[in-house]
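Colleague: First, the structure itself, so that you have it in front of you.
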Amino acid sequence: MKGIVYLNGEFMDANEAKVSAFDRGFIFGDGIYEVVPVLGGKLVDKDGFWQRFEQSLAAIELSLPCEKSKFEEILNEVISRNSLKEGGVYMQITRGVADRDFCFIKNLEPTCFIFCYEKEIINNPDAINGISVVSVEDIRWKRRDIKSISLLAQCYAKEQAVKKGAYEGFMVEDGLVTEATSSSAFIIKDDVLITKPLSNEILPGIRRKVILGFAEQAGLKIEQRAFSMDDVYNADEVFISAATLLLLPVISADGRAINGGKVGKYAPKLRQMYVDKLKKEIENYN
């Protein structure tokens, strides 16, 4: 591990960061996490991040360990101490240390851990070349709208995708795609952008929301509905979105070429609109 991290009120070398073996995050996966992209050394897409982070914390009866403004200062300090220009900031809050008991134990001191990492967001070569996906079974719990640190089901699904040589897995439940293992899933057919509507069945993707906001300007209609892998195979375009990916086009699904195995016209257009939006956000940063 490299760099400076934040743990429970202190900045320290990553290799010095330790939490109790009795932390409920370790014992139960009892906690919430978030990832915020960083461009030009600045947090971007902040509004969407804060909305989802606070909703997830409230859903499992957790709170920020300090005022919102102070917490954001800590995030910025982690970025500064690591001289991060482009990448992401990861944070997680767990319920804290306690005897092993399944119920939500009250009045614990939450554990707060933050680190950052470098990642090429703007010039990601996969945005030009496209990626492959495969279908995998969705075996997750029923509150996927909560950004829980309990990610074993997603890790299992991602491993199945990787073993098949794919970049990402499209999770399927009852014959329909819910979302990808670590991203939101979209298809385009006949100039219509299609993605599953929000519910407890999927995570409310921040990038998803922004992309839907660009659709009309890009010349697309929107249809929020479930779709099958057959719909994926027969789509004009397919793509995914996530915090430090923004948008990546899919050119193959279960070994079947999408759009002849070539990146379509809308995915690059939507991605550029997103990049322009973030660059403007950085210029107006305060």
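The values are calculated or read from the model by the stated rules, or taken from the named source; none is laboratory data. Owing to the predicted nature of the structure, the values given are computational and were not obtained by experimental measurement. Virtual Cβ from ideal backbone geometry, glycine too; neighbours counted across all protein chains shown. Heavy atoms of the whole protein, side chains included, go into the accessibility calculation; ligands, DNA and RNA do not. Shrake-Rupley method; radii C 1.70, N 1.55, O 1.52, S 1.80 Å.
Colleague: Taking R0 as 51 Å, what's the FRET efficiency between D190 and K68 from their Cβ-Cβ distance, rounded to 0.05?
Modeller: According to the calculation, E is roughly 0.75.
Colleague: Which residues in segment 198-216 place their backbone N less than 13 Å from a point set 7 Å from the Cα of L176 along the Cα-to-Cβ direction?
Modeller: Flagged as within label range: 198-202.
Colleague: Run through the DSSP bridge list for segment 37-184 and note the antiparallel percent, rounded to the nearest 5.
Modeller: If we restrict to bridges inside segment 37-184, about 75 percent are antiparallel.
Colleague: So how compact is the chain: Cα radius of gyration and Dmax in angstrom?
Modeller: Reported Rg and Dmax, both Å: 19.3, 57.
Colleague: Let me ask you something else. With a ≥ b ≥ c the root eigenvalues of the C-alpha gyration tensor of segment 102-159, is it rounded (a/c under 1.5), prolate (a/b larger than b/c) or oblate?
Modeller: oblate
Colleague: Taking square-rooted eigenvalues a ≥ b ≥ c of the alpha carbon gyration tensor, is segment 45-174 rounded, prolate or oblate, where a/c under 1.5 means rounded and, failing that, a/b exceeding b/c means prolate?
Modeller: oblate
Colleague: Measure off 7 Å from each Cα along the Cα-to-Cβ vector at K142 and F28, then give the distance between these two points in nanometres to one decimal.
Modeller: For K142 paired with F28, the spin-label model returns 1.9 nm.
Colleague: Measure off, as a whole percent, the carbon and sulfur share of the 1.4 Å-probe accessible area of segment 154-268, all protein chains present.
Modeller: 48
Colleague: How tilted is helix 266-283 with respect to the longest principal axis of the chain? Cα atoms for both, answer in degrees (0 to 90, nearest 10).
Modeller: Approximately 40 degrees, to the nearest 10.
Colleague: Turning to a different aspect of this structure: Among 122-135, 243-256, how do they line up by average Cβ neighbours within 10 Å per residue, starting with the highest?
Modeller: Highest to lowest by the protection proxy: 243-256, 122-135.
Colleague: If each DSSP helix of 4+ residues adds -39,500 (n - 2.57) and the sum is divided by the residues in the chain, what number results at 222 nm, nearest 500 deg cm²/dmol?
Modeller: -9000 deg cm²/dmol
Colleague: Over segment 193-286, calculate the relative contact order: mean separation of alpha carbon pairs under 8 Å at least 6 apart, over the residue count, as a percent.
Modeller: Computed value for segment 193-286: 26 percent relative contact order.
Colleague: What is the count of Lys pairs in segment 19-150 whose alpha carbons sit under 30 Å apart, if the two are 8 or more places apart or on different chains?
Modeller: Lysine pairs meeting the criterion: 26.
Colleague: Additional query: Between A257 and D47, what is the FRET efficiency for a Förster distance of 41 Å, r being their Cβ-Cβ separation, to the nearest 0.05?
Modeller: 0.60
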